[in-house]
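First comes the structure, then the notes that go with it.
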Amino acid sequence: MKKKLVSLLTVSAMTMSMLVGCGQGAAETAATEVAETATEVAETATDVAETAATEVAETAGSADLADKKVGVCIYQFADNFMTLFRTELENYLISQGFSKDNITIVDGANDQATQTNQIQNFITQGVDVLIINPVNSSSAATITDLVVGADIPLVYINREPDADEEARWQSNSWNVTYVGCDARQSGTMQGEIIVDLGQDKVDLNGDGKIQYIMIEGDPENVDAQYRTEFSVKALEDAGWTVDCLDDQVGNWDQATAQQLVANSLSAHPETEVVFCNNDAMALGALQSIEAAGRKVGEDIYLVGVDALTEALEDVLAGTMTGTVFNDHIAQSHGAADAAINYITGAGNEYYIGCDYVKVTTENAQSVLDSLK
């Protein structure tokens, strides 16, 4: 097929050269031949592409995954984002040929001891691959040693182990990878959403400084650390002066964040921006902002991360300034694909990344539509 395509392209080029110096009638005839040859080239190219795609699909589908066992550890089922993630992950695994009966997803209940016990149970059961969203990123080395010691491939998701831990995987050529986004990017995007509004608009009291409160997720989670640091850094990099009025740990929880923001606004009515490490906490913050008689977009600004449906609707309504899309679809599919690669012997890179997307009123509807 490839040789035929090359041959046709060569004929087309030769026919084009015949046009030079020809009379009008001869030129028209040659042009017709060129057009006909070009059509055949296009049809042949399509055949080549379709054949290649079919071969890839057949190769991917050649592995029998129905009897393969997948163990999935989620740090906490109550987390809104991880609920979206695990639902999409399970559906995608099934679509790729795994049996639903062989996919076991467990709730770590935000307790590392509980999750470690679940991992040991999966090892005893002899699962073919483990996908783990660790309760504590700092426990990754212990988790890795357990799983690698049992000769089971491991895919970390959502909560990235530190650089030293990832370096161990590569230096030992272990079947371990991380699938997720760089949380520094999400923090930067949060800050950029505020910067894009303009300092004159955000500096409501006109004192030349941006007064903000920060509501953090789990302090042991690198995502929380990076989002906290880089959201503020984006303002400073823009040349803005910032003033942190309060910095509290909300542990990703809406109700906790609601109370923390209520307390902060009461103590610091001069607050101009509320940064939340995720949308669940931003939704809690919004409840307290409204209860305090404040209005987002007029006398205060609010940003989150994840692009939960409710948060996107608030962005469209103007009751949230913006959020950052944490693509659970791309990440869950990437995790499943990595698991399949280990099972089939294809292997993976040690880090499989994706990008966040900045979300404001301009694109919130398109992101919302993509989630339906």
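Normalised by 2.2 N^0.38 Å, with N the number of residues, the alpha-carbon radius of gyration of segment 148-271 equals 1.35.
Find the relative contact order for segment 232-372 and round it to a whole percent, using C-alpha pairs within less than 8 Å whose residues are 6+ positions apart. Display every interim value, and only then the final one.
Details: 184 pairs, mean separation 25.3, N = 141.
Taking the mean separation of contacting Cα pairs over the length of segment 232-372, I get 18 percent.
Within the accessible area of segment 284-360, what % is carbon and sulfur when the probe is 1.4 Å and the other protein chains stay in place? Numbers along the way, then the final one.
Working: 1280 of 2760 Å².
Its accessible area is 46 percent carbon and sulfur atoms.
The simple spin-label model puts a point 7 Å past each Cα toward its Cβ; for C244 and L316 those points are separated by 3.6 nm.
How much of the accessible area of segment 52-195, in percent, comes from carbon and sulfur atoms when a 1.4 Å probe is used? Can you show the working numbers first?
On the way: 2710 of 6020 Å².
It is 45 percent, rounded to a whole number.
Assuming 0.36 nm per residue, please report the length gained on full extension of the stretch N363 to D162 beyond their Cα-Cα distance.
Details: separation 201, 0.36 × 201 = 72.36 nm, distance 3.27 nm.
Separation in residues times 0.36 nm, less the Cα-Cα distance, equals 69.1 nm.
List the residues of segment 215-252 whose backbone N lies under 14 Å from a point placed 7 Å from the Cα of Y351 along the Cα-to-Cβ direction. Inside the label zone: 223. Taking Cβ atoms as reference points and 11 Å as the exclusive limit, the residues near T271 contribute a net charge of -4, counting Lys and Arg as +1 and Asp and Glu as -1.
Residue-wise HN-Hα couplings along segment 266-271, as the Karplus relation 6.51 cos²θ - 1.76 cosθ + 1.60 with θ = phi - 60° gives them from phi, are 5, 7, 9, x, 7, 4 Hz; Gly and Pro carry x.
Take segment 273-345 with all the other protein chains still there, run a 1.4 Å probe, and you get 27 Å² of accessible area per residue. Computing FRET efficiency as 1/(1 + (r/R0)^6) for D67 and K295, where r is the C-beta to C-beta distance and R0 is 56 Å, gives about 0.45.
Residues E165, E313, E88, sorted by accessible area with the largest first, give E313, E88, E165 [1.4 Å probe; ligands and nucleic acids excluded]. Solvent-accessible area of segment 225-280 (1.4 angstrom probe, protein heavy atoms only): carbon and sulfur portion equals 42 percent.
Largest accessible area first, the residues L371, L265, L84 order themselves as L84, L371, L265 under a 1.4 Å probe with ligands, DNA and RNA left out. Spin-label model, Q199 to D151: label points 7 Å out along the Cα-to-beta-carbon direction sit 6.2 nm apart. If you look at the Cα atoms of segment 108-163, you get an Rg and a Dmax of 10.3, 30 Å.
The values are calculated or read from the model by the stated rules, or taken from the named source; none is laboratory data. Here the structure is a predicted model, which means the values were calculated and not measured. So basically every Cβ, Gly included, is an ideal-geometry build from the backbone, and we count neighbours across all protein chains shown. Accessible surface areas use protein heavy atoms only, side chains included; no ligands, DNA or RNA. Shrake-Rupley method; radii C 1.70, N 1.55, O 1.52, S 1.80 Å.
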